[in-house]
Amino acid sequence: MWLARLLSVAPLRNTLVAATVTNPPMTRRLLLPLIATPSAATDERVALFQRPFVVSGSTSAVGEWLAPFVTRRERSRSTEVRRYASLTMPTLVLWGDRDEITPPAQGRHIASLIPGAELVVLPTAGHIPAIEDPARFNAALVDFLVRRVPVR
């Protein structure tokens, strides 16, 4: 409740976001809980995540996204699971087996809702498999694209 009130006041929200989320010295600290492989938080990757923070208005934009994300349990298209059954495009669900934010059971559930979806669980990855196990992530993605997406 107090967080919702704090984040509803733009100057307070922007101050909080500027001190944490878009504050470059905080990037590594905020990234580490999302990944199972701390070595994936290389200086180069951290710098890549920091790049958008120099864009004018980024703190405000992040704050506007963050407020409802952390304070409400709103329904959206992505939370209406019955919609997943209507998807017709080739779908690959890539998940980290060590993801503590959205556990692998959620990935299995999402894949089961989408007709014909394929699930690949990367054994050493957490919440951001593309940076934690890029070789396996890229191999799974390329394999899927070669097999399932027609070349035009």
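No lab work stands behind these numbers, since they all come straight from the coordinates. Not measured: the values here are computed from a predicted model. Positions of Cβ are backbone-derived with ideal geometry, glycine not excepted, and every protein chain shown enters the neighbour counts.
Overview of results
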| read-out | value |
| --- | --- |
| Span from the region 98-152 Cα centroid across to the region 1-33 one, whole angstrom | 30 |
| Ranking of Glu44, Glu100 by count of other Cβ atoms within 10 Å, fewest first | Glu44, Glu100 |
| Relative contact order (percent, whole number), region 1-66, Cα cutoff 8 Å, 6+ residue spacing | 39 |
| Estimated D of region 1-132 in µm² per second, where Rh is the Kirkwood radius over Cα pairs and Stokes-Einstein applies at 10 °C, 1.306 mPa s | 94 |
| Formal net charge of residues neighbouring Gly96 (Cβ-Cβ distance under 11 Å; K, R +1; D, E -1) | -3 |
| Three principal axis lengths of region 2-71 [C-alpha, angstrom, descending] | 37, 26, 16 |
| Per-residue Cβ neighbour rank within 10 angstrom, fewest leading, Asp97, Asp143, Asp43 | Asp43, Asp143, Asp97 |
| 5 Å binning of all Cα-Cα separations within region 74-152, expressed as whole percents from 0 upward | 3, 16, 22, 22, 20, 13, 4, 1 |
| ³J(HN,Hα), Karplus 6.51/-1.76/1.60, whole Hz, each residue of region 123-137, x for Gly, Pro | x, 9, 9, x, 6, 10, x, 5, 9, 7, 9, x, 5, 5, 4 |
